[in-house]
């Protein structure tokens, strides 16, 4: 299991997409990503997306 808390926030979008895409392709890896912004093109690659607002679950996508 790998937990990324704003793990790619300090790099450009192309590099962030490449890193996250590679991690998502690893079958033996459970990836938990905490971010303020989801990268374009990666939303549908996640098994589940939870959107939080002020500590409460606002939205859930599968």
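The values are calculated or read from the model by the stated rules, or taken from the named source; none is laboratory data. Nothing here was measured: the structure is a model prediction, and the numbers come from that model. Ideal geometry is used to build each Cβ from the backbone, glycine not excepted, and the neighbour counts take in all protein chains shown.
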Residue tally, condition surrounded by fewer than 13 Cβ atoms within 10 Å (Cβ to Cβ) and either in a helix (DSSP H, G or I) or modelled with pLDDT under 90 (or both), over the range 19-42: 7
Count - residues of the range 22-32 that are under 15 Å from residue 43 (Cα atoms) and out of contact with any helix residue (DSSP H, G or I) (no Cβ under 7 Å at 6 or more places or on another chain): 4
Residue pairs meeting the criteria (Cβ under 6 Å; at least 6 apart or on separate chains; first under 25 Å from residue 52 (Cα atoms), in the range 12-39; second part of a helix (DSSP H, G or I) and at pLDDT 90 or above): 31/23
The range 1-18, subset more than 11 Å from the chain's Cα centre (by Cα) and part of a helix (DSSP H, G or I), residue surrounded by the fewest Cβ atoms within 10 Å (Cβ to Cβ): 14
